[in-house]
1. Only one of (1) surrounded by 14 or more Cβ atoms within 10 Å (Cβ to Cβ); (2) in contact with a Ser or Thr (Cβ under 6 Å, 6 or more places away or on another chain) fails for Gly275. Which number is that?
2. Output the number of the condition that Thr309 fails; it satisfies all remaining conditions of (1) in a strand (DSSP E or B); (2) free of Cβ contacts under 8 Å to residues at least 24 places away in the same chain; (3) polar (S, T, N, Q).
3. Determine which single condition Ala293 fails, assuming it passes every other condition in (1) within 23 Å of Glu120 (Cβ to Cβ); (2) in a helix (DSSP H, G or I); (3) in contact with a Ser or Thr (Cβ under 9 Å, 6 or more places away or on another chain).
4. Among the residues of segment 130-152 satisfying the criterion of being part of a loop (DSSP other than H, G, I, E, B) and touching a strand residue (DSSP E or B) at 6+ places or on another chain (Cβ under 8 Å), which is surrounded by the fewest Cβ atoms within 10 Å (Cβ to Cβ)?
5. Does Leu118 satisfy the criteria of being touching a residue at least 40 places away in the same chain (Cβ under 8 Å) and of a type in the set (A, V, I, L, M)?
6. Considering only residues of segment 44-63 that are in contact (Cβ under 8 Å) with a residue 12 or more places away in the chain and assigned to a loop (DSSP other than H, G, I, E, B), which is farthest from Ala142 (Cα to Cα)?
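Read-outs throughout are calculated quantities, based only on the coordinates presented, and are distinct from any laboratory measurement. The structure presented is a predicted model; accordingly, all values stated were derived computationally and were not measured. Cβ coordinates were reconstructed from backbone atoms using ideal geometry, including for glycine residues, and neighbour counts include every protein chain displayed.
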Amino acid sequence: MSSQSSASATGTASADLATKTLRCGAIGVGRMGRHHATKYKHFQDLGDNSPVGPVELVGVVDQGEAQRDANAERLGVPGFATEQELIDLGVDAVSIAVPTTYHLKCARPLLEAGVACLIEKPLANDVKEARELADLAERHGACLMVGHIERFNPAVRALERAQQTSMSSDDSGPSGIVPRFLEVHRVSPMTFRSVDVSVVMDMMIHDLDVVLWLMGGIEPTEVQASGVPVLTEHEDVCNARLTFDTPAGKCVATITASRLAMKTERKTRIIGENGYVSIDYAKKSGVLIRKTANQIQMDEIREALRSGTDLSNLDYGELLTIDNLEIDDADQLEMEITSFIQAVRSGSKPPIDAEAGFAAVRTAQRIVEAARKDRRGG
């Protein structure tokens, strides 16, 4: 049994884990998993300069022999056909990047052995399996993190920094953006990957995680959705309207996902009573407009409108004080794995834990059910 079994999923790690060389592995080394394996090898090669402490990539697992052997040779590690072979090596932490259908089957023996698991998004195909994974991690004291990588997008992290800065710098109370309306678009041409699931579980799940995070982890009280299967048997295009009851009042999020678009677009707009944020995930850029920074201009415009002044020649954009979010060029996957390893070593709750992954899956399932009910005419 791995030494991780002595640590709580959200508690204190053993002193051994805090300093030892973490034995890591990657399960499923296809399109995404091979990048996880490469990152572990990168940390290993950094040696004493590794930001996550000593790490060793001890093996990769894949049922496809050609894929397994090619990656094992490239990385200079053994390749295995089963998770048990990796467990027998005494692995401490793994990334799981197999198709979502196999997440539970693959992760169960690892979690039961107390091995920390970073499971690619979504956590599971349905609520039942997501709940079982979360319960397994809790029962066996294993760290479980979900790979919702958009949380590590430079634009999202820049927004988080801006929110924290504004909330801590104003003694009169929080001045961060308090969302009242969110508008999210994630569209792209068909790639013919993940066509066995709805676009909700394939693409929209990224944005559901971010929206739930922005809502402080609460789930929507109301879900409405419309979706259309075009090329596949599942929704290829879907629009969802989620209503949240937050401590600050109601907030509505409209989220559109399509894998049939002619271009790629990934944008989120957040509108609040005290400001506006626009994030472009693809360009890794964002702007922030605060009400407090524009209060004088807004008061002058309102007064002019009340008095009947013709403002049609004014350039609205030039009236505003716009802050560009400070975007860095950090590697998203490297940051995700760094957070995972730090959680494993410290025994602290990972930034996207099993409950966050479960909430995203449950919300996605509610959207799919609402869309199909809508197609049936209620």
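1. With respect to (1) surrounded by 14 or more Cβ atoms within 10 Å (Cβ to Cβ); (2) in contact with a Ser or Thr (Cβ under 6 Å, 6 or more places away or on another chain), Gly275 is out only on (2).
2. (1)
3. Checking Ala293 against (1) within 23 Å of Glu120 (Cβ to Cβ); (2) in a helix (DSSP H, G or I); (3) in contact with a Ser or Thr (Cβ under 9 Å, 6 or more places away or on another chain), the one that fails is (1).
4. Per the criteria, the residue is Ala142.
5. yes
6. Result: Gln63.
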